[in-house]
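J.: Mind having a look at this structure? Questions to follow.
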Amino acid sequence: MPGFEWNSDTPKPDPAADATLFPVSYTLDVHAWENDTEGALLENIPAKKWWVYTGLPGGAKFKLENAWQLKDNAVGGKLFKGTDYHFFCSPPGAALETSWLSSQVKEADAQKVNTGDPQGKKLAVKLKLKCVKLPLGRDAKINLPACTLARVYVPSKRGGVLRIVHADSKAQLSLFHPDLKTPYKGFKERDEKCKPTGSAEELKADKQLTVFLKQGEYKWFYVLASKPGKVYAEYYEEAFPREKDDTPFFPYHFYYWPVNQKEPFETKNAVLYRYAKAFGKDADEVVWWEIGGAEAIKDGKAKGHAEVLKKAAVSYYEDKDLGHYRPKQPGWAGHCHNAAPAAMMFKEPDKAGKSHNSVKFSQSELEFIQTEFAGNYIQVGGPNSWSMPKLNLSYWIHYKVKSGTTWTDNVVKNPKGGPLDLTYYFKPADTDPGSKLADLLHTRFKYSEPDYVQMDPAMCQKEADRIFKLFGDKKGFNDHVKKWWIKVGVDFLDGAMKLVGVHGEPALGNIRANQASEDYSPIWNNCLMYVRANFTQRQGSSDEKELTMVNDFYFNIDNAKMIGKPTCNVSKGEIVPKDFWGRRQKLDMKYKDSGDADKGDANNKFTSFSFFMGSPFPGELYMTSYLLAPRLPVATSRNPQDDFGGGNPYIDRVPLDKKIIELRDKYA
């Protein structure tokens with residue numbers, strides 16, 4: 001509201017002092033008014049000038065010191081009743097109305113002041129306003145009385161978006177900060193780069209006030225509303241990828257090209273034939289490699305295409321780990337490990353497609369070429385990447401190996417990559433992970449080991465019992481895992497915020513399902529393109545530093561039907577996710593006075609990791625275990641000729657050099 005200023009003696013906030021009266025200055029505009037124009041309202045009052053002071057809305061009670069005063073020598077005037085001293089008050093910016101007398105100013109400290117003509121002067125009065133706490137969260141609405149300050153606490157120093165919303169569309173909101181003597185000056189809008197626009201200004205708005213806080217702007221903020229009513233506050237932090245010029249960009253939707261199906265595998269082959277024609281390659285060799293690597297090329301040259309298809313149908317090449325056609329693989333297995341980096345680093349192909357040497361490629365076909373290029377020239381895992389912290393749990397696996405007709409007992413410590421591979425199969429929401437341990441020790445390796453290896457379930461249970469004793473008992477083990485998940489949860493949020501927010505990079509993350517199948521749960525490599533961390537007051541807590549954080553992670557979608565559809569838009573400086581696969585993390589977190597998370601607080605919890613917005617998988621999910629930053633493309637192909645993880649080696653740098661496919665400016 002116009003006219004308010006903080007006094008230099010504004011006390012420091014006291015979390016327990018909601019009823020404290022905070023001294024605030026308010027400037028009253030003085031206007032002259034001839035009473036004979038309103039004679040009907042001022043019966044028996046001598047003609048003279050009366051001074052009308054614009055005051056607070058609603059005639060609310062406040063303490064006046066050194067204000068201009070009017071003495072009532074008349075009796076029976078419609079405006080003057082009950083006290084010797086009265087004040088004309090009018091709402092800021094409204095027309096003066098003598099009927100809007102502040103009849104509530106019985107607390108006025110009516111002191112004699114100097115006489116004279118006060119016309120055009122600014123008169124300062126000191127108001128002592130009650131202050132109430134406004135918790136964070138849309139569901140934490142409070143009824144805010146008129147002329148009452150609401151104080152809201154921003155716990156994190158990372159910088160984010162603070163929004164105050166009033167139920168009355170005509171209510172005016174102003175924001176203050178205790179370190180300042182004037183209304184808070186910040187930014188109300190952002191441009192299409194999501195940067196604050198224009199110069200900083202006093203922040204005030206009708207009904208809804210949105211403030212973009214910079215890093216280091218946190219702790220207490222104060223809100224004053226011009227009208228009483230229901231008010232709530234929300235605060236969130238966000239992160240999104242940015243180009244060199246800070247323009248936001250978002251990875252496109254892609255297709256993961258499953259490797260176990262004849263279709264779309266045959267579609268891929270058709271594209272490769274046309275690619276070979278457009279770029280002067282041997283079409284048969286390009287397709288044969290896709291089916292079975294260098295050995296398929298050899299077979300094709302010796303016995304023809306039919307021989308290659310015959311061997312592929314019985315998984316001959318797959319069993320030798322050759323080529324890209326893998327009929328034995330599960331349906332979720334495909335080329336997302338290359339398609340996702342391509343979606344991060346390449347510009348989305350035009351919907352109209354492109355032609356080269358009179359060969360036309362559609363948008364989805366160009367994305368396929370970019371996918372194969374990424375497999376050959378692009379790596380992920382740059383220095384800003386994040387990976388799940390280890391539980392540091394040593395364990396032994398007991399198994400038997402068959403030699404001829406004899407089974408021999410064997411024991412190995414931390415096999416197949418060690419502790420991380422085991423804890424990878426707990427969920428953050430597991431309340432009793434110890435009950436799963438023996439089964440994990442048994443099944444973790446069953447799928448990947450050859451037929452001549454047998455896991456021993458009874459010995460796995462004994463090993464689980466031995467591990468429990470390291471922590472006292474199974475409950476001690478569960479408590480250990482719980483603390484580990486808290487570390488993982490906070491670390492995951494920090495890693496995403498730094499990678500996507502501070503460094504402006506999208507990230508390749510393994511988004512996982514709600515159940516495992518033998519050794520592995522399904523994995524989809526998708527692009528993290530937007531993060532939004534929402535802060536709310538923890539239910540049942542009066543400590544404004546104890547928060548429940550609902551953190552949403554937005555990934556693009558690996559579905560052919562989504563190609564060409566927007567992932568996120570920018571509207572008036574706001575990120576608006578459109579179509580996405582979402583992961584929602586729920587943390588109970590305590591913050592320190594320093595604005596950092598108190599990772600060691602005993603009441604912290606990592607309670608949930610689940611889908612949101614149209615999830616194909618209900619319930620709790622396995623945790624994303626890595627967020628990998630892009631690396632700049634290498635000059636020469638990194639792909640061994642028969643590497644399934646790489647791209648088709650016949651797709652080289654020529655499409656890039658000819659601008660048939662184009663890298664984003666950030667990665668060019």
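The values are calculated or read from the model by the stated rules, or taken from the named source; none is laboratory data. Keep in mind it's a predicted model, so treat the numbers as computed, not measured. Using ideal geometry, Cβ is built from the backbone for each residue, glycine included, and neighbour counts are taken over all protein chains shown. Each accessible area value is taken on the protein alone, full model and side chains, heavy atoms only, with ligands, DNA and RNA left out. Shrake-Rupley method; radii C 1.70, N 1.55, O 1.52, S 1.80 Å.
J.: Please list, in chain and number order, the residues 5+ apart from A507 or on another chain whose amide H is under 5 Å from its amide H, with Hs placed from the backbone.
T.: Distant-sequence amide H within range of A507: L528.
J.: Take the alpha carbon atoms of segment 367-393, find their center, do the same for segment 318-351, and report the distance between the two centers in whole angstrom.
T.: With segment 367-393 and segment 318-351 each reduced to a Cα centre, they are spaced 13 Å.
J.: Further, regarding this structure: Kindly write out, for segment 285-292 in residue order, the coupling ³J(HN,Hα) from the Karplus curve 6.51 cos²θ - 1.76 cosθ + 1.60 (θ = phi - 60°), rounded to whole Hz, with x marking Gly and Pro.
T.: Per residue, the Karplus-derived 3J(HN,Hα) values read 5, 4, 6, 4, 4, 4, 6, x Hz.
J.: Report D for segment 237-304 in µm² per second (integer): Stokes-Einstein, Kirkwood Rh on Cα pairs, 25 °C, 0.890 mPa s.
T.: Details: Rh = 14.9 Å.
Here the translational diffusion coefficient equals 165 µm²/s.
J.: Simple spin-label model, 7 Å along Cα-to-Cβ: V314 to I142 in nm?
T.: Going from the V314 label point to the I142 one covers 7.8 nm.
J.: Just reorder M388, M562 by solvent-accessible area, largest first, 1.4 Å probe, all chains present. Display every interim value, and only then the final one.
T.: Details: M388 10, M562 30 Å².
Highest to lowest solvent-accessible surface, that is M562, M388.
J.: Using r as the Cβ-Cβ distance of D321 and A560, and R0 as 22 Å, what FRET efficiency do you calculate, to the nearest 0.05?
T.: Values: r = 27 Å, r/R0 = 1.21.
Calculated transfer efficiency: 0.25.
J.: List every residue whose amide H lies under 5 Å from the amide H of G186, counting only residues 5 or more places away in sequence or on a different chain, with H placed 1.01 Å from N in the peptide plane.
T.: Hits under the 5 Å cutoff: E201, L203.
J.: In nm², what is the average projected area of the convex hull enclosing the Cα atoms of segment 241-391?
T.: On the way: hull surface 48.2 nm².
If you wrap the Cα atoms of segment 241-391 in a convex hull and average its projections, you get 12.1 nm².
J.: Okay, moving on. Per-residue HN-Hα couplings for segment 504-512, Karplus 6.51 cos²θ - 1.76 cosθ + 1.60 at θ = phi - 60°, whole Hz, x for Gly and Pro?
T.: x, 9, x, 9, 7, x, 8, 8, 10
J.: In nm, give the distance between the simple-model label positions of A167 and Q379, each being 7 Å from the Cα along the Cα-to-Cβ direction.
T.: Result for the modelled spin labels: 6.0 nm.
J.: From zero outward in steps of 5 Å, how is the percent of C-alpha pairs of segment 482-584 spread across the bins?
T.: 2, 10, 16, 21, 20, 14, 10, 5, 2, 0
J.: Using amide H atoms built 1.01 Å from N in the peptide plane, name the residues 5+ places from H356, or on other chains, whose amide H lies under 5 Å from its own.
T.: F361
J.: Here's another thing I want to ask about it. At a Förster distance of 51 Å, what's the computed FRET efficiency of A306 paired with D665, Cβ-Cβ distance as r, to 0.05?
T.: On the way: r = 47 Å, r/R0 = 0.92.
Between A306 and D665 the formula returns 0.60.
J.: How many nm separate the modelled label positions at A352 and D282, each set 7 Å beyond the Cα in the direction of the Cβ?
T.: 3.7 nm
J.: Read phi for every residue in segment 471-477 and hand back ³J(HN,Hα) as whole Hz from Karplus 6.51 cos²θ - 1.76 cosθ + 1.60, θ = phi - 60°, with x for Gly and Pro.
T.: So the J values, rounded to whole Hz, are 10, x, 6, 5, 4, x, 5.
J.: Under the √(5λ) rule applied to the eigenvalues of the Cα gyration tensor, what semi-axes describe the equivalent ellipsoid of segment 548-668? Give them in Å, descending. Kindly include the intermediate steps, with their values, before the conclusion.
T.: On the way: eigenvalues 272, 77, 64 Å².
With the √(5λ) rule applied to segment 548-668, the semi-axes are 37, 20, 18 Å.
J.: Same structure again: Which three lengths, in whole Å and largest first, does segment 193-291 cover when its Cα atoms are put on their principal axes?
T.: Cα extents, longest axis first: 76, 30, 24 Å.
J.: Could I ask something else about it? Taking loop as defined by DSSP and a crowding limit of 15 other beta carbons within 10 Å, which trypsin sites (Lys or Arg not before Pro) in segment 257-339 fit? Could you put the intermediate results ahead of the total?
T.: Numbers: sites: K262, K268, R274, K277, K281, K298, K301, K303, K310, K311, K320, K328; in loops: K281, K320, K328.
Those that pass, being in a loop and sparsely packed, are K320, K328.
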